[in-house]
Structures are given as C-alpha cells and as structure tokens.
C-alpha cells in the first residue's frame, strides 16, 4: 500500500505578507500553524505545482521566503509531540505543552495538547489571544463563554 504524501510549506518574513498568502491558500490548504519565526501550511501532494507557481508569482510583490517539502504519512498520534513548539503571542504570553518545563514567560498558558484546538498554532486562537492581551488590563474582568 502506498503511503499518502503531503506538501509542507514553511513561510518566513513579513507577517502581513504571509497573512495575504494564507488568505489566498485558505481554500486549498488542509491545515496551518503559526510559530514564532515561521508559518506552516499543509496541502495535498497534488497541489505542489500550483503552490510553487503562486509562490513565485506572489514573491515578486510580497516580502517572504519559503521552503516547500514533501511529507510521507506516519503515525501522527505517536510523533506529533516531537513537532509541537511553544507559541509566543504578543509581548508577554506564551502557550506551552504540559511536558515543557524549560520555557518561561511573563504569562504562561500551560496546556495538555491533543489533536484539538486551542494550542495557539492556529491563526484564530493566536489572534484572539493577541487581541485579549492588547485590550485587557490587570483590573479587567473576563468571562470565557466558550
């Protein structure tokens, strides 16, 4: 049986330009993650030629670098921890997995990540937390209705 292959696109550079690319690739991508120094977008293997073409096209007008590579199927439920990075959000907040005992920040959110949302790697979570950091002071009261 042939193993499924995916394309991993890592984008580096100006975050606003990368956001434009993410919006463009949104309908084609099968997933994405935002890290401190790069953003990763995943595609089905059959998208490689199209992704490469559009990267070259957009790179003429936007400020970013990229690395495009192929990934083979593996037992993600066993190996995902090796690729789970802490996520720094804004100036003070960092989201780290429960097994990370080294990473420190002024505000640390320690989670037990699984194959779910809320890790900070997805742009929706990242931007929501960044907005909270910008808007909330130490005297604020906050209610999480989620």
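The values are calculated or read from the model by the stated rules, or taken from the named source; none is laboratory data. Keep in mind that this is a model prediction, so the values were computed, not measured. Because the Cβ atoms are built from the backbone with ideal geometry, glycine has one as well, and the counts that use them run over all protein chains shown.
Out of 89, 34, 95, I need the residue that is under 19 Å from residue 121 (Cβ atoms) and in contact with a strand residue (DSSP E or B) (Cβ under 6 Å, 6 or more places away or on another chain). Which one?
On the way: 89 fails: in contact with a strand residue (DSSP E or B) (Cβ under 6 Å, 6 or more places away or on another chain); 34 fails: in contact with a strand residue (DSSP E or B) (Cβ under 6 Å, 6 or more places away or on another chain).
Residue meeting the stated conditions: 95.
Quick grid of which residues meet (1) closer than 30 Å to residue 136 by Cα; (2) modelled with pLDDT of 90 or more; (3) touching a helix residue (DSSP H, G or I) at 6+ places or on another chain (Cβ under 8 Å):
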{"site": "24", "(1), (2), (3)": "no, no, yes"}
{"site": "33", "(1), (2), (3)": "yes, no, no"}
{"site": "54", "(1), (2), (3)": "no, yes, yes"}
{"site": "57", "(1), (2), (3)": "no, yes, no"}
{"site": "68", "(1), (2), (3)": "no, yes, yes"}
{"site": "75", "(1), (2), (3)": "no, no, no"}
{"site": "80", "(1), (2), (3)": "no, no, no"}
{"site": "90", "(1), (2), (3)": "yes, no, yes"}
